[in-house]
Amino acid sequence: MAFAPLNVLPKAVVGIGKEVLRHLLKRPVVGVAVAGRTADGKWVLIRRGDTGTWALPGGTVEWGETLRTSIARELLEEAGIEHASIGKVIGVYSHPDRDVRFHAVTVLVEATVSSPERPPLNPLEIREVRLFSDADLPTDLAMNMTDMLRDARASKVGEIE
């Protein structure tokens, strides 16, 4: 019996298969988060649909993507940002309890971003995108990202959790 190549299967079937394998293999997933600021110094945050709390835009790296490609995709999907200049790696965060859904290793990068140009692609996942001045930033971010934002604001570079 011949198996169909993965590229001819529906994308949703492949996606479900990847999720099942990730859980079966019990390995951390790799993710990216973006500490994005506009040219006038405002921070871009997203309001998550599942918790209702604010977070840095980002997500898991998909199969076949580079980190740079993943960053651009996540900014577009979650924040409607089409133009970004990616800067330095601020840190790598790997505490197993950081994300309640799974063990993630997250690479946090800084970026200079355009203002959001359109709404998030999935309004169930991301409810809102907003630009914040330093004085107006929320005190607690979703998925334990508060320390990530703190490190970005302090221009802390190259840290590994």
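Looking at the stretch 91-98, is at least one residue out of contact with any helix residue (DSSP H, G or I) (no Cβ under 9 Å at 6 or more places or on another chain), in contact (Cβ under 8 Å) with a residue 40 or more places away in the chain, within 16 Å of Ala35 (Cβ to Cβ) and exposed (fewer than 15 other Cβ atoms within 10 Å of the Cβ)? Yes, the stretch 91-98 contains at least one residue that is out of contact with any helix residue (DSSP H, G or I) (no Cβ under 9 Å at 6 or more places or on another chain), in contact (Cβ under 8 Å) with a residue 40 or more places away in the chain, within 16 Å of Ala35 (Cβ to Cβ) and exposed (fewer than 15 other Cβ atoms within 10 Å of the Cβ). Filtering the stretch 49-92 to residues that are over 11 Å from the mean Cα position of the chain (by Cα), among the small types (Gly, Ala, Ser) and more than 22 Å from Asp147 (Cα to Cα) leaves Gly64, Gly80, Ala84, Ser85.
Here the stretch 54-66 is the region considered, the condition is being touching a strand residue (DSSP E or B) at 6+ places or on another chain (Cβ under 7 Å) and not hydrophobic (A, V, I, L, M, F, W, C), and the residue that is farthest from Ala152 (Cα to Cα) is Thr60.
Kindly establish whether Thr112 is surrounded by fewer than 18 Cβ atoms within 10 Å (Cβ to Cβ), modelled with pLDDT under 95, among the β-branched types (Val, Ile, Thr) and more than 29 Å from Lys26 (Cα to Cα).
For Thr112, the condition - surrounded by fewer than 18 Cβ atoms within 10 Å (Cβ to Cβ), modelled with pLDDT under 95, among the β-branched types (Val, Ile, Thr) and more than 29 Å from Lys26 (Cα to Cα) - is not met.
For residues that are assigned to a loop (DSSP other than H, G, I, E, B) and among the basic types (Lys, Arg), scanning just the stretch 65-111, find the one that is farthest from His23 (Cα to Cα). Among residues in the stretch 65-111 that are assigned to a loop (DSSP other than H, G, I, E, B) and among the basic types (Lys, Arg), the one farthest from His23 (Cα to Cα) is Arg98.
Matching residues to (1) closer than 30 Å to Leu24 by Cβ; (2) aliphatic (A, V, I, L, M); (3) modelled with pLDDT of 90 or more:
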position: Leu75; (1), (2), (3): no, yes, yes
position: Ser85; (1), (2), (3): no, no, yes
position: Asp97; (1), (2), (3): yes, no, no
position: Ala104; (1), (2), (3): yes, yes, no
position: Leu141; (1), (2), (3): no, yes, yes
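The values are calculated or read from the model by the stated rules, or taken from the named source; none is laboratory data. Worth saying up front: this structure is predicted, and the values here are computed from it rather than measured. Ideal geometry is used to build each Cβ from the backbone, glycine not excepted, and the neighbour counts take in all protein chains shown.
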